1. Identify the single condition in (1) surrounded by 14 or more Cβ atoms within 10 Å (Cβ to Cβ); (2) within 19 Å of Phe20 (Cβ to Cβ); (3) not β-branched (Val, Ile, Thr) that Ser73 does not satisfy, given that it satisfies every other one.
2. Of the numbered conditions (1) surrounded by 13 or more Cβ atoms within 10 Å (Cβ to Cβ); (2) in contact with a helix residue (DSSP H, G or I) (Cβ under 6 Å, 6 or more places away or on another chain), Lys58 fails exactly one; give the number of that condition.
3. Report yes if some residue within segment 35-45 is within 16 Å of the chain's Cα centre (by Cα) and closer than 25 Å to Pro89 by Cα; otherwise report no.
4. Among the residues of segment 145-160, is there at least one that is without any contact (Cβ under 8 Å) to a residue 12 or more places away in the chain and on the phi < 0 side of the Ramachandran plot?
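The values are calculated or read from the model by the stated rules, or taken from the named source; none is laboratory data. Just so it is clear, the structure is predicted and the values come from calculations on it, not from any experiment. We place every Cβ from the backbone using ideal geometry, glycine too, and count neighbours over all the protein chains shown. The area values use the complete protein model at the heavy-atom level, side chains included, leaving out ligands, DNA and RNA. Shrake-Rupley method; radii C 1.70, N 1.55, O 1.52, S 1.80 Å.
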Amino acid sequence: MRARPKILLCSTYEEAWSYFEKYEDFVLGVISDIDFLREGVKDPEAGFKFTEEVRKRKEDIPILLQSGDAKASVKAYELGAAFLQKGSPTLLHDLTHFVMSHFGFGDFVFRMPDGTEVGRAANLKQLEEHLQTVPDECIQFHARHNHFSNWLKARTEFWLAHKLRRKRLKTSEYN
């Protein structure tokens, strides 16, 4: 039970940052409102600021920002975050899809860099089997984006996830 993924609900920027720092190596992803308390006052940019700080430490953590203002999606996408509009009739479906596909709770879907699916693993044994057969380009794509590490963390395989996690490189080395 102790290793199972948990949801931490925070009310302020400071509380969220404190939890992020404490559990940074175990965070599967972030779901945040854009407008919430920061330094004791409501800050309409707090979610964007939080995203920027998280990105400085872990550039590949999935982040989903929410707002009732559809225009906020532009800045969310610029920061590399996904966006959901509050009040959308598909909100629950879209949230479920995001969590399943980005937090590692579903199958590991082997994809080529262009998005073409070339395999699917529901467990560690199948992951190991597919690693023998999928193209090297596919493995390199997932390794560069820490997809293996994120999927393993969702299964509480923290030691292996940490070993496979790509170290931060200079921006020029990402391509």
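1. (2)
2. (2)
3. Within segment 35-45, none of the residues are within 16 Å of the chain's Cα centre (by Cα) and closer than 25 Å to Pro89 by Cα.
4. First, the residues of segment 145-160 that are without any contact (Cβ under 8 Å) to a residue 12 or more places away in the chain: 159-160.
Subset that is on the phi < 0 side of the Ramachandran plot: 159-160.
So far as segment 145-160 goes, yes, one or more of its residues are without any contact (Cβ under 8 Å) to a residue 12 or more places away in the chain and on the phi < 0 side of the Ramachandran plot.
Yes or no, residue by residue, for (1) among the acidic types (Asp, Glu); (2) at pLDDT below 90; (3) open to solvent by less than 60 Å² (accessible area, probe 1.4 Å):
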{"position": "Leu127", "(1), (2), (3)": "no, no, yes"}
{"position": "His130", "(1), (2), (3)": "no, no, yes"}
{"position": "Val134", "(1), (2), (3)": "no, no, yes"}
{"position": "Thr156", "(1), (2), (3)": "no, yes, yes"}
{"position": "Tyr174", "(1), (2), (3)": "no, yes, no"}
